[in-house]
Amino acid sequence: MLNENIKNLRKSKGLSQEELAIKLNVVRQTVSKWENGLSVPDSSMLISLADELDTSVSELLGEPITEPATDDLKTISEKLEVINLQLAKRSMARVKTVRWLLISLCVLITVIFIALIAINGSYLNWNYNNPELAVAGTIMHGFEFVFVRLAPIVFLASVIGIVITYRKK
């Protein structure tokens, strides 16, 4: 059926096998094999072939084309509605997860700030002649230095993110 459809559509378009082959970037023998039923085009070539012959792949394959009935359209619209509801639920679940992650980040930053205030830089009074204390004190000072500069920016970004996620309700 496919081979006859290719041949009939090619002839109705007034194309030779050679001309069709050039348009599809294949050799003439390939078109001849399709028309004689010795081989079939692959899926991407079938789409290109249908485009060149101004037809649909379904018609090229010989499948009957029926107009969708209103019941079919109603069924399709109901399925689409269910899919849209599922996507909306997933989206809201993601928004809630992001919101709680941002809230947790804000709480964590606040707790670390409280802990840094509580130690009040006591590590600065350690005996840095002791190598272990020197390493630990340097790490603590480096952490505090970076944290105090970056945490407010991250905190504000988190609060903005929380506000934005609440607006998406």
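Where in segment 23-126 are there helices (runs of 4 or more DSSP H), lying fully within it, with 3 or more residues that are within 30 Å of Arg167 (Cβ to Cβ) and hydroxyl-bearing (Ser, Thr, Tyr)?
By residue number, 70-119.
On the basis of being under 30 Å from Ser158 (Cα atoms), open to solvent by less than 90 Å² (accessible area, probe 1.4 Å) and within 24 Å of the chain's Cα centre (by Cα), does Arg99 make the cut?
It is true that Arg99 is under 30 Å from Ser158 (Cα atoms), open to solvent by less than 90 Å² (accessible area, probe 1.4 Å) and within 24 Å of the chain's Cα centre (by Cα).
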> Is it the case that Ile83 is open to solvent by less than 90 Å² (accessible area, probe 1.4 Å) and closer than 30 Å to Ile153 by Cα?
Replying inline: no
> Within segment 1-41, how many residues are open to solvent by 90 Å² or more (accessible area, probe 1.4 Å) and under 13 Å from Leu61 (Cα atoms)?
Replying inline: 4
> Taking segment 124-147, which residues are open to solvent by less than 50 Å² (accessible area, probe 1.4 Å) and within 30 Å of Val159 (Cβ to Cβ)?
Replying inline: Gly142, Glu144, Phe147
>> Among the residues in segment 104-112, are any surrounded by 14 or more Cβ atoms within 10 Å (Cβ to Cβ), out of contact with any helix residue (DSSP H, G or I) (no Cβ under 6 Å at 6 or more places or on another chain) and either closer than 21 Å to Pro152 by Cβ or charged (D, E, K, R) (or both)?
In response: yes
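The values are calculated or read from the model by the stated rules, or taken from the named source; none is laboratory data. Bear in mind that the values here come from a model prediction, so they are computed numbers and not experimental data. We place every Cβ from the backbone using ideal geometry, glycine too, and count neighbours over all the protein chains shown. With ligands, DNA and RNA removed, areas are computed over all heavy atoms of the protein, side chains included. Shrake-Rupley method; radii C 1.70, N 1.55, O 1.52, S 1.80 Å.
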